[in-house]
Amino acid sequence: MLFSHGFASYRTQSTSLTTHLASWGFVVISPDYLERGLRSVLGEPPASPRADATIADEAISLIRSENLSAGGLLEGRVDSTSIYPIGHSAGGGTSLRLLERADVHSVIPMASGYSMLSQLNGSLTLPPGKSIAWIGGVKDGIAAIADIRRGFDYTPGERKLIEISGAGHNNAFTDICEIGEGGVAALALSTGIPIPSSLLALGDNGCKVPPFRDSPDVWPEVRHFVTAELRYRSGLDAQPVGLGDQVLTSFDDIARYRHNP
């Protein structure tokens, strides 16, 4: 499973989710996309920028190599026949672009939509025959829920749409709001370091309670749907388990759930 972080972020931003997936037996790859990482946004970009698909390919190639390395920690332990990308925000876009790969059959973009501009200019295509599970926050002030719904509407293959009522951009999908007291944006402000207002808005969206929910209150919904979807798509579950309409009785924060299957 390949996890891709968002803009102005870092590879460990969603450790609560990725460690949960690892506990279910998934081998998690989470590379740093330095070109859009926090350090780059603050003025120290890498000397030789690379495309996100290139970085993802290098990470996938490395894990496959480690699986074949005699005596290595991962020797013979990784089934990398298929890759299952998930990503948050800009990382969701990375996941969608990876649908072009022959070894990718399904993706899960979180807090990441399909804008009308991308649709019109062809910069992002949603190929047929591949599944997408779109997960978004109803109150997201960065990735509009309308764009996430558009992604679902224009997905030609099997698809899901999960809308979380108490979620903004960060609280349900990352650990960012749990850093310090009030999240990474509040921590940055307390240092007195000048931070662009747009970057503060990005880091803060979803962290104020209310109107948003505390992260630990909405993590279970994301963990459940991501885990269940990955188990089904990877063949660990022959049929969808925990992905029918009855799942709504188990969670308070699911505002809308549409699925096929």
Near pairs, Cβ below 7 angstrom, 6+ apart or cross-chain, from segment 80-94 (closer than 10 Å to Phe7 by Cβ) to any residue that is assigned to a strand (DSSP E or B) and of a type in the set (Ser, Thr, Tyr):
Gly91/Ser4
Just for segment 228-261: of the residues that are part of a strand (DSSP E or B) and either of a type in the set (Ser, Thr, Tyr) or modelled with pLDDT under 95 (or both), which one is nearest to Ile135 (Cα to Cα)?
Tyr257
When the residues of segment 33-56 are narrowed to those that are within 16 Å of Ala8 (Cβ to Cβ) and of a type in the set (Lys, Arg), which ends up surrounded by the fewest Cβ atoms within 10 Å (Cβ to Cβ)?
Arg39
Is it true that some residue in segment 176-186 is under 15 Å from the mean Cα position of the chain (by Cα) and either in a loop (DSSP other than H, G, I, E, B) or not aromatic (Phe, Trp, Tyr) (or both)?
yes
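Give Ala102, Ala111 a once-over and let me know the one that is touching a residue at least 12 places away in the same chain (Cβ under 8 Å) and small (Gly, Ala, Ser).
So the residue among Ala102, Ala111 that is touching a residue at least 12 places away in the same chain (Cβ under 8 Å) and small (Gly, Ala, Ser) is Ala111.
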Scanning segment 134-175 residue by residue, those within 14 Å of Ser89 (Cα to Cα) and in a strand (DSSP E or B) turn out to be Trp134, Ile135, Gly136, Gly137
Residue pairs, Cβ under 7 Å, 6 or more apart or interchain, first in segment 143-156 and farther than 15 Å from Val107 by Cα and in contact (Cβ under 8 Å) with a residue 60 or more places away in the chain, second surrounded by fewer than 19 Cβ atoms within 10 Å (Cβ to Cβ) and of a type in the set (S, T, N, Q). List them.
none
Closer than 18 Å to Leu124 by Cβ, out of contact with any helix residue (DSSP H, G or I) (no Cβ under 8 Å at 6 or more places or on another chain) and hydroxyl-bearing (Ser, Thr, Tyr) - does that describe any residue in segment 159-166?
no
Residues satisfying the stated conditions in segment 92-110, i.e. outside any helix (DSSP H, G or I) and more than 20 Å from Thr19 (Cα to Cα):
Arg101, Ala102, Asp103, Val104, His105, Ser106
Residues being assigned to a loop (DSSP other than H, G, I, E, B) and either within 30 Å of Phe225 (Cα to Cα) or of a type outside the set (Lys, Arg) (or both) - total across segment 21-57
18
Report the residue count in segment 58-91 for those that are within 15 Å of Pro31 (Cβ to Cβ) and in a helix (DSSP H, G or I).
11
Test for Leu189: is it touching a helix residue (DSSP H, G or I) at 6+ places or on another chain (Cβ under 6 Å), over 20 Å from Val218 (Cα atoms), aliphatic (A, V, I, L, M) and free of Cβ contacts under 8 Å to residues at least 60 places away in the same chain:
no
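For every residue, the table says whether it meets (1) within 18 Å of Ala172 (Cα to Cα); (2) among the small types (Gly, Ala, Ser); (3) in contact with a Pro (Cβ under 9 Å, 6 or more places away or on another chain); (4) at pLDDT 95 or above.
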position: Ala102; (1), (2), (3), (4): no, yes, no, yes
position: Ser112; (1), (2), (3), (4): yes, yes, no, yes
position: Leu117; (1), (2), (3), (4): no, no, no, no
position: Ser123; (1), (2), (3), (4): no, yes, no, no
position: Lys130; (1), (2), (3), (4): no, no, yes, yes
position: Ala133; (1), (2), (3), (4): yes, yes, yes, yes
position: Asp140; (1), (2), (3), (4): yes, no, no, yes
position: Ile145; (1), (2), (3), (4): yes, no, no, yes
position: Gly157; (1), (2), (3), (4): no, yes, yes, yes
Scanning segment 186-197 for residues that are at pLDDT 75 or above and surrounded by 11 or more Cβ atoms within 10 Å (Cβ to Cβ), which turns out farthest from Ile142 (Cα to Cα)?
Ile195
I want to confirm something. Restricting to segment 1-11 and keeping residues that are assigned to a loop (DSSP other than H, G, I, E, B) and in contact (Cβ under 8 Å) with a residue 40 or more places away in the chain, which single residue is farthest from Val104 (Cα to Cα)?
Ala8
Looking for whichever is surrounded by fewer than 14 Cβ atoms within 10 Å (Cβ to Cβ), under 17 Å from the mean Cα position of the chain (by Cα) and within 20 Å of Tyr10 (Cβ to Cβ) here; the options are Ala111, Ala59, Ala22. Which one fits?
Ala22
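The values are calculated or read from the model by the stated rules, or taken from the named source; none is laboratory data. The model shown is predicted, which means the values in this text are computed figures rather than measured ones. Quick reminder, even Gly has a Cβ in these numbers, built from the backbone with ideal geometry, and neighbours come from all protein chains shown.
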